[in-house]
Amino acid sequence: MSEPAPATSTNADVLMSLNDVVRRFGALRALDGVTFDIMQGEMLGVAGPNGAGKTTLLNVCTGVLPATSGHITFDGQAIRGMPPNQCCQLGIARTFQIPQIFSSMTVRENVATGAEFGIGQGGGGNIEAHVSDVIDLVGLTPQQSNSVTDADLLTRKRIMLAAALATRPKLLFLDEPLSGLNADEVDSFVALFQRLHAALDLTFVIVEHKVRALADLSERILILNFGSVLMIDTPERVLSDERVIDVYLGTRNLA
Amino acid sequence: MKDQTAATANQMTRRQPSAFSSLTFWAIVGGLAVLGMFVDDPYMQHVLILCFLWAIVAAGWDLVLGYAGIYNYAQLVFFAAGAYGSGMLAAKLGVSPIVAIPLGGIFAGFMGLLIALPCLRLRGEYIALFTFAVHLAMPPLILKTKHWGTGGNTGLLGIPPIDLFGFTIGPRDKLAWFYLTLAVASVAIYIIYFIVLRRRMGKAFVALRDSEDFARSLGVSDFRYKLLAFMSSALITGLAGALYAHYTTVVTPKILGNEFFLLAMVMLAIGGIGRFPGAVLGAFIVTIANELLRSAGNMRLLLLGLAVVLTVLLLPSGIVSLRENFQRLWRKTRAKQ
């Protein structure tokens, strides 16, 4: 199972490492030689204009899409080509941009699915307690026995997040978790992520268009443009960088 | 106030899975067993035996189509695989039917594996096209392999009756067949709905059906559980086919004909898929209706078709949803009082 860790991830602080990762769709290089590390325990924001390859990056990191070439290691283990369910069992969880949900189950059953099939699946009689903890943490306790069919967008996002947390991940990817939310809801979600980050020994990667909220949340922000890393740095430096402003607002000279 | 609504919601969802407790199930099986002692008309016994066999097929199909959400239309291929497998082992190689019947089921399970593997690379409606093509390819295959002993168009004749501890259960021993098929059907249905679907495997099936991407992201292996759904469904359906072969002593390619296929579809449509006891109820209703309509001749299929149109229009989720509709109405009227 475990291959010897390549030189790039010998650093104990690196949780996931991408090295020259390429993903092609026909002639399009959706990811064109992406190289960066995700550090243990950090909150990493990923932003970039539409079509920059953000969702592709997330899909490649979670096993949904295989990378065309390059190396991806997680916890020192090569994961390129692994299906998403195996990635999950290594400790990589994710949420989806369009909320996914098991529509014939209750809220609790949705979350319990993550607990039952995630890391340490099935083993130990404390699954129920673990599910209750996660439901409580995400703030779903009052609704936990409800059917999910009439849950609103915010609740659906909470359920999806809780199910992902229930798999006991080490690394959690969030795909546009704030899209479709109003300002108050964004604030409550940002607070929720901060609470989760403080409470759990968990690394976050957040793909998000709402750059302000992303800057509040993240310790570092990665800007993706045309499938390549434009820059990766602290929010202050990224948001004041001329190249980033150009990418988002167009070249100033043209204005 | 909040606690109260949570509590009632809790009761509602709790009631759903246990809507049909295993106690109720075995009570009904017991009732049917008692009924067997009073039915002495061989034709009536025959119809009930067919009901039990079809109930197994419908339940097996419901497992893969209704719960796992895989559009498999090759279910009768598994029935035929069990029937031909067991029939040929017993008629051509002299294997005792007691051994041949389980082997027929295992052969069908193996067919399930063969058909499932290409399906893992396909999605949704393409699985329906592929599996239906497999279904259509079977009768010519049986004709072409006549020299292997399939019997070709005339059918596989002379399938020996079951011989149990020196006790021979021939096709005319309807009462013995009644109890044998009742026992196998009730155990098969119990295993499907009360064991497999309520454990881990069943949760994985439903999760993959509801949202495959979400399920995979939570660690559910689509590969493993789709194979398991196909194989367990095929094995159980194959057992029904094997029993059918030894009951009728003849298997012809007709079991893969349009009529059988339509009947099985109608059972699921009328009964309702993915909710116990829909499919099983559908098997009983359609088998009995089909016999009652024998005198209608050519009109029979038309009338069955009409029944499907009416259920689809009036009760899109099948006859099982009647009960839920009544419950909802009942709660509403009680709430008003």
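What to note about this one:
- Annotation: of all residues in the stretch B:211-220 being surrounded by fewer than 24 Cβ atoms within 10 Å (Cβ to Cβ) and at the interface with chain A (Cβ under 7 Å from one of its Cβ atoms), the one that is farthest from A:Arg168 (Cα to Cα) is B:Ser211.
- Top-ranked residue in the stretch B:27-73 [being farther than 17 Å from B:Ile192 by Cβ and among the small types (Gly, Ala, Ser); ranked as most open to solvent (accessible area, probe 1.4 Å)]: B:Ala27
- Meets criteria (under 23 Å from B:Tyr190 (Cα atoms) and buried (at least 23 other Cβ atoms within 10 Å of the Cβ)) for B:Gly278: yes
- Where A:Leu58 falls short, out of the listed (1) over 24 Å from A:Ile232 (Cα atoms); (2) more than 10 Å from chain B (Cβ to nearest Cβ): (1)
- One residue from A:Thr113, A:Thr95, A:Thr106 being among the hydroxyl-bearing types (Ser, Thr, Tyr), at the interface with another protein chain (Cβ under 9 Å from one of its Cβ atoms) and touching a Pro at 6+ places or on another chain (Cβ under 9 Å): A:Thr95
- Of A:Val64, A:Val131, A:Val46, A:Val148, all but one fail to be more than 14 Å from chain B (Cβ to nearest Cβ) and among the β-branched types (Val, Ile, Thr); the exception is A:Val46.
- Filtered residue count, the stretch B:313-329, keeping only those that are within 21 Å of the chain's Cα centre (by Cα) and exposed (fewer than 12 other Cβ atoms within 10 Å of the Cβ): 1
- Scanning the stretch B:74-89 turns up no residue that is under 13 Å from B:Phe230 (Cα atoms), small (Gly, Ala, Ser) and touching a Lys or Arg at 6+ places or on another chain (Cβ under 8 Å).
- Candidates A:Gly81, A:Gly41, A:Gly45 - the one that is in a loop (DSSP other than H, G, I, E, B) and within 20 Å of A:Ala199 (Cα to Cα): A:Gly41
- Listed here are the helices (runs of 4 or more DSSP H) enclosed by the stretch A:116-232 that have at least 1 residues being more than 25 Å from B:Ala207 (Cα to Cα) and open to solvent by less than 10 Å² (accessible area, probe 1.4 Å): A:183-199, A:211-217.
- Tabulated pairs, the stretch B:121-134, first more than 16 Å from B:Arg209 (Cβ to Cβ) and crowded, with 19+ Cβ neighbours inside 10 Å, second polar (S, T, N, Q) and modelled with pLDDT of 90 or more, C-beta under 8 angstrom, 6+ apart or interchain: B:Thr131/B:Asn72
- From the list B:Leu182, B:Leu197, B:Leu175, the lone residue that is open to solvent by 30 Å² or more (accessible area, probe 1.4 Å), among the aliphatic types (A, V, I, L, M) and part of a helix (DSSP H, G or I) is B:Leu175.
- Any chance B:Phe223 is within 14 Å of chain A (Cβ to nearest Cβ), aromatic (Phe, Trp, Tyr) and surrounded by fewer than 24 Cβ atoms within 10 Å (Cβ to Cβ): yes
- Taken together, the residues in the stretch B:200-209 that are open to solvent by 40 Å² or more (accessible area, probe 1.4 Å) and in contact (Cβ under 8 Å) with a residue 40 or more places away in the chain amount to 1.
- Of the residues making up the stretch B:191-210, those that are within 14 Å of another protein chain (Cβ to nearest Cβ) and within 13 Å of B:Ala68 (Cβ to Cβ) are B:Leu197, B:Met201, B:Gly202, B:Lys203, B:Ala204, B:Phe205, B:Val206, B:Ala207, B:Leu208, B:Arg209, B:Asp210.
- Filter pass, B:Ile189 being modelled with pLDDT of 90 or more and within 30 Å of A:Ile101 (Cα to Cα): yes
- In the condition set (1) under 22 Å from B:Leu113 (Cβ atoms); (2) outside any helix (DSSP H, G or I); (3) hydroxyl-bearing (Ser, Thr, Tyr), B:Tyr225 is compliant with all but (2).
- Residue match in the stretch B:74-89 (condition: over 18 Å from B:Pro160 (Cβ atoms) and outside any helix (DSSP H, G or I)): yes
- Checked against (1) open to solvent by 30 Å² or more (accessible area, probe 1.4 Å); (2) in the same structural domain as A:Met160 (by TED's automatic domain parsing); (3) not hydroxyl-bearing (Ser, Thr, Tyr), A:Asn110 passes all but condition (1).
The values are calculated or read from the model by the stated rules, or taken from the named source; none is laboratory data. Quick caveat, the model's predicted, so the values are computed rather than measured. Here the Cβ is made from the backbone with ideal geometry for all residues, glycine too, and neighbour counts use every protein chain on show. The protein model used for the area step is the full one, side chains on, heavy atoms only, and it has no ligands, DNA or RNA in it. Shrake-Rupley method; radii C 1.70, N 1.55, O 1.52, S 1.80 Å.
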